Amino acid sequence: MPRAHALTVLILVTGALRAGAQATPPASMQHAAGMQHERPGTPPTQGGQAAFAAIQEIVNILDADSTTDWSKVNLEALRQHFIDMDLVTMKARVRQSPAAGGVVLDVTGDAPVSLALRRILGAHAPMLGAMPAYHATASEIPGGMRMTVTARNAGDARAVARVRGLGFIGLMTEGEHHTPHHLMIARGMGAHAHEMK
């Protein structure tokens, strides 16, 4: 093949490849103005990330409430609370020991986790203690908090076993106060002192 002809073929092939690389994407991937990203059927219900979805739900509640005072709304405080919750849930170290009628939980972590533990466990233990099933106390220890939880009826072996079986994270889920608390934070009605150092 003459050299000039080979060069022409190379240029044509290269051009075709470039054109193919810049070709219009399939219709299913094209975006049009006002296009909804969904197919017929049931649309997704989750926002893709738990804290994002929870904040989105709170925004919808605030929008639906004509009495919302937007000058007091503090979604950043709620986001900070969710960061605390994530640190406590995913990063804390837990040492569980049996106690008469329940458990002693030493929950510790690095500096950000330790601060989150102080804010969250310091508020959660009194809520647990107010429930009919538990006695609960929390106190600071180096690097975190010690929470002691016992069955209110310490003679009930099943209740004691439940406290121990729930352990730290299960006990943290107890109570119906979590979602109303999140709405209160969003409305600017208090958080777990995120400015605390």
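The values are calculated or read from the model by the stated rules, or taken from the named source; none is laboratory data. Keep in mind that this is a model prediction, so the values were computed, not measured. Note that we place each Cβ from the backbone using ideal geometry, even for glycine, and neighbour counts take in every protein chain shown. For the accessible areas, the whole protein counts, side chains as well, though only heavy atoms, and no ligand, DNA or RNA atoms are used. Shrake-Rupley method; radii C 1.70, N 1.55, O 1.52, S 1.80 Å.
Details
- Subset of region 91-121 that is assigned to a helix (DSSP H, G or I) and closer than 30 Å to A157 by Cα - its residue that is most open to solvent (accessible area, probe 1.4 Å): I120
- Selection count where residues are among the basic types (K, R) and in contact (Cβ under 8 Å) with a residue 24 or more places away in the chain, scope region 136-159: 1
- Flag if R162 is in contact (Cβ under 8 Å) with a residue 40 or more places away in the chain and open to solvent by 40 Å² or more (accessible area, probe 1.4 Å): no
- Residue in region 170-179 that is in contact (Cβ under 8 Å) with a residue 60 or more places away in the chain and either surrounded by 13 or more Cβ atoms within 10 Å (Cβ to Cβ) or of a type in the set (A, V, I, L, M, F, W, C) (or both) present: yes
- G47 meets each of the listed conditions (1) at pLDDT below 95; (2) open to solvent by 100 Å² or more (accessible area, probe 1.4 Å) apart from (2).
- Checked against the criterion of being touching a Phe, Trp or Tyr at 6+ places or on another chain (Cβ under 9 Å) and either in a loop (DSSP other than H, G, I, E, B) or crowded, with 17+ Cβ neighbours inside 10 Å (or both), the candidates L128, L87 yield just one match: L128.
- Enumeration of residues in region 136-181 that are within 19 Å of L115 (Cβ to Cβ) and not β-branched (V, I, T): A138, S139, E140, P142, G143, G144, M145, R146, M147, F168, M172, H181
- So A151, is it surrounded by 15 or more Cβ atoms within 10 Å (Cβ to Cβ), touching a helix residue (DSSP H, G or I) at 6+ places or on another chain (Cβ under 6 Å) and over 28 Å from A50 (Cα atoms): yes
- Every pair of residues 6+ apart whose Cβ atoms lie under 7 Å, when the first sits in region 54-69 and is over 26 Å from M85 (Cα atoms) while the second is surrounded by 14 or more Cβ atoms within 10 Å (Cβ to Cβ) and aromatic (F, W, Y): none
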